[in-house]
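K.L.:
Let me begin by handing over the structure; questions about it come next.
The values are calculated or read from the model by the stated rules, or taken from the named source; none is laboratory data. Remember, predicted model here, so these are calculated numbers, not experimental data. Reconstructed Cβ throughout: ideal geometry from the backbone, glycine too, with neighbour counts over all protein chains shown. The area values use the complete protein model at the heavy-atom level, side chains included, leaving out ligands, DNA and RNA. Shrake-Rupley method; radii C 1.70, N 1.55, O 1.52, S 1.80 Å.
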Amino acid sequence: MHIKKGMPNQDAFALKVLNEGDSVIVAVADGHGDPRCFRSEIGSSIAVRAAVDLLEEVAKYSSETSSLSVLKRSLESNFPHRLHSIWKKRVEQDFSVAGFSQLSEDKPEIFFEISSDAVTSLADDSYLAYGTTLLAALITRNLLMFAQIGDGDILVISDSGEVYSPVPDDERLFGNATTSLCSMEASRDFRLFIERLSETPPILVLLSTDGLSNSFASEEEFREVAKSFLDNIKIQGEEYLKTNIESFLNDLSADRIGDDITVGIIFKESILKE
């Protein structure tokens, strides 16, 4: 949750393991804290489920397509548009049931925080109320794919120990500014990374909402945290990280900016045996 603001957690997380571990899908989303986005926790939940559903299709398609160039062209052309379309359709379904007629009863504080013009804009653009970012990863035996819209971070630790961010930067993401699934042009704002896996796949992949990186003064400090997660898994084991990561993130949020922090971690099983 927004600990310092006392607001509900607007992040969402989804995980799916396919074919007995041959493929893994992880998605995290950060619903916007803007008062106009008062259903963003629903929007983020819709986003991660839509991403998992679509990436499951990609996993099957990629296994049937031998050419990486054909696969990349197809995904770059179709994936962002399809994901945005699925998200909008599911938002419309939620809105058709909930509407905004109960706004004053459900969220009476909203009217103290947004102007009458903003309320009018919500009536014209219901997607805004559900605004959210999205980060998603698909790892199969022969494919590595990341998709992102908005802020947040995807980090990879290679077999050699290098920590890097595979997804291209977006220079528009500065301060609190972010691209969003609620934008009509969202399909143009996705950043993708797609490559065939070599014989040395990544040791660890980390997806995190921006509350994690924003809790550190530098990119170097943030990347050290990713390394510490890996060290904990290697030394203490998977269960140790599962047991302790929630309290670590809660303490970090409380001590720093107080924002939601959601993390998804995929790691190479063999490191448990090293």
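K.L.:
How much of residue 265 can a 1.4 Å solvent probe reach, expressed as accessible area in Å² and rounded to 10?
P.N.:
Only protein atoms counted, so the area is about 50 Å².
K.L.:
May I ask for the distance between the Cα centers of the range 1-73 and the range 123-161, given as a whole number of Å?
P.N.:
7
K.L.:
Here is a further query. Using the Kirkwood formula over every pair of different C-alpha atoms, what hydrodynamic radius in Å results for the chain?
P.N.:
That comes to 19.5 Å for the chain.
K.L.:
Once label points are set 7 Å from the Cα along Cα→Cβ at both residue 270 and residue 60, what is their separation, rounded to one decimal in nm?
P.N.:
Distance between label points: 3.0 nm.
K.L.:
While we're here: Give the aspartates and glutamates reachable from residue 60 as a straight Cα distance under 12 Å; neighbours fewer than 8 places away on the same chain don't count.
P.N.:
The reachable aspartates and glutamates, counting only those whose Cα sits under 12 Å from residue 60, are 22.
K.L.:
How large is the accessible surface of residue 172 in square angstrom, using a 1.4 angstrom probe and rounding to the nearest 10?
P.N.:
The value for residue 172 is about 130 Å².
K.L.:
Right, here's the next one. How large, in percent, is the carbon and sulfur part of the accessible surface of the range 127-274 at a probe radius of 1.4 Å?
P.N.:
45
K.L.:
Here's something else I'd like to know. Round to the nearest 0.05 the FRET efficiency obtained for residue 220 and residue 92 when R0 = 41 Å and r is the Cβ-Cβ distance.
P.N.:
Efficiency computed from Cβ-Cβ geometry: 0.40.
K.L.:
Order of 18-28, 38-48, 66-76 by packing, highest average Cβ count within 10 Å first?
P.N.:
38-48, 18-28, 66-76
K.L.:
Might you tell me the accessible area per residue for the chain, computed with a 1.4 Å probe and given in Å²?
P.N.:
Per-residue accessible area for the chain comes out at 50 Å².
K.L.:
Rounded to the nearest 500, what is the chain's calculated 222 nm mean residue ellipticity when only DSSP H runs of at least 4 contribute -39500 (n - 2.57) each, over all residues?
P.N.:
-13500 deg cm²/dmol
K.L.:
A further question on this structure: May I ask which of 89/268; 72/234; 88/227; 88/268; 72/227; 16/72 have a Cα-Cα span longer than 32 Å here?
P.N.:
The pairs that break the limit, which is 32 Å between Cα atoms, are 89/268; 72/234; 88/227; 88/268.
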